[in-house]
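Everything on this sheet refers to the single structure shown next.
The values are calculated or read from the model by the stated rules, or taken from the named source; none is laboratory data. Since this is a predicted model, take the numbers as computed values, not measurements. Note that we place each Cβ from the backbone using ideal geometry, even for glycine, and neighbour counts take in every protein chain shown.
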Amino acid sequence: MQLQWRVGSMDTWEADCLIFFVVEKEAEFLPGFGKWLRDEGRWLAGCSALSDFQGKPQQTAVFYAPQDRKIPRVICAGLGPREKLDAERLRGGAAAALRQCRELKLARPALPATALDGLPLERSRSLEEALIGGMGGLYRFTALKTRDVDAESFPESLLLFSEVEPDDAFHAAASYAESLVSGISLARDLVVAPGNQVTPTFMAEIAQGLAESYGFRLRLINLQEAEKMGMGAFAAVARGSREPACIIVLEHCPPGMDEDPPIVFVGKGITFDTGGISLKPSAKMEAMKQDMAGAAAVLGAFEVLGRTRFQKRVLGIMPCTENMPDGKAYKPGDVIQSMSGLTVEVISTDAEGRMILCDAITFALQYKPAILLDLATLTGACIVALGNEAAGIMGNRDELVEELCTLGAEVGERLWPLPLWDSYFDYIKSDIADFKNVGERSAGTIVGGIFLKQFVTDETPWAHIDIAGTAWTEKDIASSPKGATGFGVRLLTEVLKRRPKLGWG
């Protein structure tokens, strides 16, 4: 769906519908809606159906205009009570409105800029959130369907009406929202698509396309090269699959920044996880195509980065492989030497994510990162602890974790901090190696974090984000339909956008 600006007086507006927002339990409408009702919508102002509309969160109502009107209908979307009105409610309201447009097969709905007046957010921020929610809420994966897909193409465009030329901040907000939704959609596509399509090679091809489109540097490290580099942990997992494994290294380096310490994102890219020799139960194994959601989020963030061109040196490192039970697969009881030189006793081959991440982290340290963030669908224990409401976060800088939690709450990708006390290392002590790759049942998410912490230097600000519960939703939520959420794309992008203002920058 494309965004199109239209500047002119209200009486010149033409569209399939107008979208306005309504706050629950308020006697007066928001200023922009009230002005339109007085100037152009008197036919609706006295309508009892409008008076009956309650404005509950994501509630919508369609009002049909007399036949002589240029705009035949108005859609109102509820935001809930003002005391609870925030960016999430606005995203949800916009998503509900545009989903209603799709149900009605409306090609060209319109959002007046004045519809955002009177909201608690700054005006350009309101536009940004409404567009992210509205466009993101329309997401559907139809690439593999051969029928019944026509309705998914609606709306074709969203018109943005303004009576005066919008200022630069308003234009920038719309452009940023469009870029962000593009990146989130890329991540969603990769996570939703099946494992026989999204292989490590396919992930590399996506990275190649980004590099060609936006001028990123790209390095692809195959299994043989990884072995020569000493990436024993990554190689141990990769040898079990007939699909060629690779480590994708994307770099955005603006002129003159080659010596700058980069911001580094590491994303887990297990394109299908059977559990390996420690085979998973067959029930729900099809969901294990999602185990590359961390890498997908990094690729999505680079899509946004390519469009926005933030002036920062950024690296994305994505170890990609399947985890399969082959004759060459690693086994429980094996001892593996990682790229760092540390040895790992394998207790479960189904803890493969931390095995590939530890070598990716060691590789990343060669670049002397200013910040190192890793994203991974790492542990089912994180879903047990936090459900689908928040990702778990751990790190070696309290201020970094706190800032990321604050940022995540603001942009709708909530994080919940978990401790990484040194005493948790006792859970993975080994009699024959430096440590084990899993502990017992307790503190499963933290154990994953404490494992990865062994590979991070104290000098490097680092956070580990476990997105096992947030990468996928089994139900429609405010601005994300059932399926892949693209979680992490916005968080990583906002880190790039706001880092100079953050205390740990």
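Suppose we filter the stretch 277-299 for residues that are among the small types (G, A, S), touching a Ser or Thr at 6+ places or on another chain (Cβ under 8 Å) and more than 16 Å from I356 (Cα to Cα); how many remain?
1
Let's see how each residue does on (1) at pLDDT below 95; (2) aromatic (F, W, Y):
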{"site": "F265", "(1), (2)": "no, yes"}
{"site": "P281", "(1), (2)": "no, no"}
{"site": "K284", "(1), (2)": "yes, no"}
{"site": "Q290", "(1), (2)": "no, no"}
{"site": "V314", "(1), (2)": "no, no"}
{"site": "I317", "(1), (2)": "no, no"}
{"site": "A329", "(1), (2)": "no, no"}
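Which ranges mark the strands (runs of 3 or more DSSP E) fully within the stretch 1-104 that have 3 or more residues being more than 27 Å from Y139 (Cβ to Cβ) and at pLDDT 95 or above?
none
Just one of the numbered conditions (1) aliphatic (A, V, I, L, M); (2) surrounded by fewer than 17 Cβ atoms within 10 Å (Cβ to Cβ); (3) under 19 Å from T493 (Cα atoms) is not true of L279; which one?
Exception for L279: condition (3).
Inside the stretch 55-74, can you point out the residues that are more than 35 Å from the chain's Cα centre (by Cα) and small (G, A, S)?
Of everything in the stretch 55-74, just one residue is more than 35 Å from the chain's Cα centre (by Cα) and small (G, A, S), namely A65.
Looking at the structure I just gave you, is V495 in a helix (DSSP H, G or I), at pLDDT 95 or above and in contact with a Gly (Cβ under 7 Å, 6 or more places away or on another chain)?
Criteria not met by V495.
Scan the stretch 412-430 for residues that are closer than 17 Å to I336 by Cβ and assigned to a loop (DSSP other than H, G, I, E, B) and jot them down.
Passing the criteria: K429, S430.
Can you tell me which residues in the stretch 153-170 are within 26 Å of Y214 (Cβ to Cβ) and either without any contact (Cβ under 8 Å) to a residue 40 or more places away in the chain or in contact with a Ser or Thr (Cβ under 7 Å, 6 or more places away or on another chain) (or both)?
D168, A169, F170
If a residue has to be within 18 Å of L305 (Cα to Cα) and not hydroxyl-bearing (S, T, Y) to count, how many in the stretch 160-188 make the cut?
The total comes to 13.
Can you find a residue that is under 25 Å from G136 (Cβ atoms) and either modelled with pLDDT of 95 or more or polar (S, T, N, Q) (or both) anywhere in the stretch 362-373?
Looking through the stretch 362-373, at least one residue is under 25 Å from G136 (Cβ atoms) and either modelled with pLDDT of 95 or more or polar (S, T, N, Q) (or both).
Can you find a residue in the stretch 289-296 that is in the same structural domain as F202 (by TED's automatic domain parsing), in contact (Cβ under 8 Å) with a residue 60 or more places away in the chain and over 17 Å from the mean Cα position of the chain (by Cα)?
Looking through the stretch 289-296, none of the residues is in the same structural domain as F202 (by TED's automatic domain parsing), in contact (Cβ under 8 Å) with a residue 60 or more places away in the chain and over 17 Å from the mean Cα position of the chain (by Cα).
Check off (1) part of a helix (DSSP H, G or I); (2) under 24 Å from K475 (Cα atoms); (3) under 22 Å from the mean Cα position of the chain (by Cα) for R140 and give me the number that stays unchecked.
Here R140 meets the rest and fails (1).
Just checking, does the stretch 231-242 include any residue being modelled with pLDDT of 95 or more and on the phi > 0 side of the Ramachandran plot?
Checked the stretch 231-242: no residue is modelled with pLDDT of 95 or more and on the phi > 0 side of the Ramachandran plot.
Let me spell it out: the conditions are (1) surrounded by 15 or more Cβ atoms within 10 Å (Cβ to Cβ); (2) small (G, A, S); (3) outside any loop (DSSP other than H, G, I, E, B), and A433 meets all of them except one. Which number is the exception?
In the conditions (1) surrounded by 15 or more Cβ atoms within 10 Å (Cβ to Cβ); (2) small (G, A, S); (3) outside any loop (DSSP other than H, G, I, E, B), A433 misses (3) alone.
Collect the residues in the stretch 201-253 that are touching a strand residue (DSSP E or B) at 6+ places or on another chain (Cβ under 8 Å) and hydroxyl-bearing (S, T, Y), keeping them in residue-number order.
Hits for the stretch 201-253 are T201, Y214, S241.
Considering every residue within the stretch 21-43, establish whether at least one is more than 26 Å from L121 (Cβ to Cβ), of a type outside the set (A, V, I, L, M, F, W, C) and in the same structural domain as Q100 (by TED's automatic domain parsing).
Within the stretch 21-43, one or more residues are more than 26 Å from L121 (Cβ to Cβ), of a type outside the set (A, V, I, L, M, F, W, C) and in the same structural domain as Q100 (by TED's automatic domain parsing).
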